[in-house]
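The values are calculated or read from the model by the stated rules, or taken from the named source; none is laboratory data. Predicted model, so just to flag it, every value in this text is computed and none were measured. We place every Cβ from the backbone using ideal geometry, glycine too, and count neighbours over all the protein chains shown.
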Amino acid sequence: MEQVDVLVIGAGPSGTVAASIVNKAGYKVKIVEKLKFPRFVIGESLLPRCMEALTEAGFVDAVKEKGFQEKFGAKFVKNGKVCDYSFADQYTPGWNWTWQVPRGEFDKTLADTVEKMGVPVSYETTVTGIVFNGSDSVTTVEDADGNKSEIAARFIIDGSGYGRVIPKLFNLDKPSNLAPRRALFSHMKDVNRSMADEPNRITIVVHAPGVWVWVIPFSTGITSLGFVGDPQFFKQYPGNDEEQLRALIAAEPYLAERFKDVEMVFPPRVLESWSSTTDKFFDEGFVLTGNVTEFLDPIFSSGVTLATVSSQLAGNLVVRKLKGETIDWDTEYTQKMMQGINTFRSYVMAWYEGTLDTIFFADRADPVIKNKICSVLAGYVWDTTNNYVKDHDTALVKLARLIELEKKYSPKLDSQN
């Protein structure tokens with residue numbers, strides 16, 4: 001039986017950030033990962049807030065060496081109207097840039113770096129069972145050849161992402177309150193890209209009510225392109241996945257010429273009904289991080305940010321616990337993470353309900369308010385000095401109502417004057 005201080009499940013950004021922080025504190029850490037890296041996953045457009053976690057984990061220099069596309073903002077497009085957000089204008093002090101990355105290469109860079117720091121990573125290793133005795137545990141794993149072994153740990157950090165290892169083993173999963181949606185996407189050889197297409201930011205195109213497109217250019221000349229909407233929307237387009245995606249591209253004026261007949265790097269893929277959550281984020285012998293806690297929606301690229309920030313926070317709390325401190329996990333972890341998750345959730349719901357449509361494409365924008373919303377888009381969803389974070393559940397609705405009232409009455413006032 002292998003003995004470690006902390007077992008980390010998952011070698012993605014969540015697992016590697018937590019593993020690095022615990023390892024730096026001098027504790028013995030091991031990562032087990034079900035898949036072989038590199039592997040494909042979505043979540044390719046990062047947010048500036050995650051740079052703080054990557055910095056503390058010691059990953060930034062290694063990522064810089066890869067030459068990934070730097071990202072400085074986000075652009076929203078609808079019927080020829082453009083709403084452009086530059087992270088340099090955000091309200092909250094902090095990082096004002098990040099990267100757009102093919103996740104297979106990005107995640108492998110983090111995993112390779114943490115291995116160089118002395119943390120072993122066992123790939124193609126599946127967790128088949130966990131037995132807890134207080135905070136101590138014995139985890140049974142199985143490798144690609146079917147060989148089983150056991151790992152004893154003083155604590156477990158579950159950063160298994162969509163695998164949701166501990167929630168599935170202990171029946172902690174519960175449905176999300178977000179509606180099910182479908183994504184159809186591929187990587188495109190973006191041969192018609194020009195500097196006017198702004199490779200240094202993500203572009204979100206409003207295609208139809210409740211249907212949007214992500215356009216994420218990489219430094220390689222490849223661009224990630226995906227349509228997201230209600231599953232019923234896609235049924236109006238006949239054919240296989242590629243025929244559907246090409247028909248959707250042809251039907252969107254902003255994309256039609258740029259991506260007409262361009263080669264796809266891989267056949268289009270589909271993700272559906274991805275939103276999920278769990279009953280609890282921690283117990284005596286484990287903590288859940290990243291998508292294991294809750295995955296919302298890809299619209300605001302929150303996935304990697306929630307993954308890295310939760311593992312940054314969890315890693316430091318685990319170190320304190322191993323040192324003998326008493327941790328109030330509910331206050332110091334769950335409530336903290338729910339602040340960020342609920343802020344993003346309000347923005348996701350406001351996007352699909354049309355509230356943000358009204359705000360983003362208003363004829364006039366208050367620069368102070370825009371900068372505060374920009375901070376949310378940059379991932380600074382824990383800054384409660386920002387009323388668009390603190391009052392996330394009401395502030396957007398009030399702003400949209402004011403914009404609608406101004407639209408309704410301003411022409412009349414102007415004519416009277």
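Checked against the criterion of being closer than 26 Å to Gly315 by Cα and under 25 Å from the mean Cα position of the chain (by Cα), the candidates Leu169, Leu184 yield just one match: Leu169. Residue under question is Pro93, and the condition is that it be out of contact with any helix residue (DSSP H, G or I) (no Cβ under 6 Å at 6 or more places or on another chain), closer than 30 Å to Asp366 by Cβ and not in a helix (DSSP H, G or I); does it hold? Yes, satisfied. Among the residues here, Val211 qualifies as without any contact (Cβ under 8 Å) to a residue 60 or more places away in the chain and aliphatic (A, V, I, L, M). Exactly one residue among Phe68, Phe76 is in contact with a Cys (Cβ under 7 Å, 6 or more places away or on another chain), under 25 Å from Gly226 (Cβ atoms), buried (at least 20 other Cβ atoms within 10 Å of the Cβ) and touching a residue at least 12 places away in the same chain (Cβ under 8 Å), and that residue is Phe76. Just so you know, in region 118-137 the residues that are farther than 22 Å from Ile21 by Cα and among the β-branched types (Val, Ile, Thr) include one that is farthest from the chain's Cα centre (by Cα), and it is Val131.
Hey, does region 87-106 have a residue that's closer than 22 Å to Thr278 by Cβ and of a type in the set (A, V, I, L, M, F, W, C)? Scanning region 87-106 turns up no residue that is closer than 22 Å to Thr278 by Cβ and of a type in the set (A, V, I, L, M, F, W, C). Taking region 100-135 as the region of interest, how many residues are of a type outside the set (Phe, Trp, Tyr), part of a strand (DSSP E or B) and surrounded by 14 or more Cβ atoms within 10 Å (Cβ to Cβ)? Qualifying residue count, region 100-135: 6.
Tallying residues that are surrounded by fewer than 21 Cβ atoms within 10 Å (Cβ to Cβ) and either basic (Lys, Arg) or modelled with pLDDT of 90 or more (or both) within region 187-198 yields 4. Residues in region 188-234 that are among the hydroxyl-bearing types (Ser, Thr, Tyr) and closer than 17 Å to Arg103 by Cα: Ser219, Thr220, Thr223, Ser224.
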